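These notes are about the structure you will find just below.
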Amino acid sequence: MAKLTRTEQLALLRAALRALDPQSAPDFAAFAALFRERSVRRGEVVVHAGEPCDSVALVASGVARMYYTRDDGKEFIKAFVAASDFLAVLEALITREPSRLTIEALTPMQLLVAPYATLAAFCERDVYWQRIARRIVERVYVKKARREAALLMDSAAVRYRAFATEHALLNRTVPDYHIAAYLGITPEALSRLKRTQ
């Protein structure tokens, strides 16, 4: 994986903002200055369950999984996060309680990381930044609501087709056992679905 230059990282940050609001970002340089680069190795844990979470990141490159682990060790994948997505444990940031999620890099990653408190204070300065913050939270909510509805109402075949359509790159990058866990099915069931799709 080629390392992105700071110019490329800032272009990605600007594009992520434009996807949320087409208006030009006021004080973009000041906003961008809040973010520091962090390189993450494959398999490295970015956020540990049971520990505080105090930052927000933009994924510049790579893929991570966000998952819960039950007391018996069984894992439940909440989401995959890839390039151009924002990465944070929103619940932990809002409540200031330890994270219940673990975030693990599935590939080498480059992140642009900013302290949540500093970012939140910055977003209070201008209606544009307030709108950006609101739209990020709205996107998180819509993804969560759609995922819950799919798990409760859609068949495994429908869930897999939706995943393959929405996450075509992940479908080729992420190991099948993680995709199966995300879809709430066994790896064997996923293999059958892949053969029949």
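The table below gives the values:
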read-out	value
Principal axis dimensions, the range 100-143 - Cα atoms, whole angstrom, descending	36, 24, 20
Karplus (6.51, -1.76, 1.60) ³J(HN,Hα), θ = phi - 60°, over the range 185-197, in Hz, Gly and Pro reported as x	10, 7, x, 5, 5, 5, 4, 4, 4, 5, 5, 9, 8
Rh (Kirkwood; distinct C-alpha pairs) - the range 52-153, Å	14.8
Å³ per residue enclosed by the Cα convex hull of the range 1-114	103
The range 114-167: equivalent-ellipsoid semi-axes (sqrt of 5 x gyration tensor eigenvalues, Cα, Å)	34, 10, 9
Fraction of accessible area attributable to carbon and sulfur, the chain (%, probe 1.4 Å)	55
D154/S191 FRET efficiency (R0 22 Å; Cβ-Cβ; nearest 0.05)	0.70
Accessible solvent surface per residue of the range 102-197, calculated while the other protein chains remain in place, 1.4 angstrom probe, Å²	58
For the chain, the fraction of alpha-carbon pairs in successive 10 Å shells from zero, as %	8, 33, 36, 19, 4, 0
Cβ-based charge dipole, the range 27-99, positive-most Cα from G62, F80, A30	G62
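The values are calculated or read from the model by the stated rules, or taken from the named source; none is laboratory data. Note that the structure is a prediction, hence the values are computed from the model and not measured. Because the Cβ atoms are built from the backbone with ideal geometry, glycine has one as well, and the counts that use them run over all protein chains shown. Accessible surface areas use protein heavy atoms only, side chains included; no ligands, DNA or RNA. Shrake-Rupley method; radii C 1.70, N 1.55, O 1.52, S 1.80 Å.
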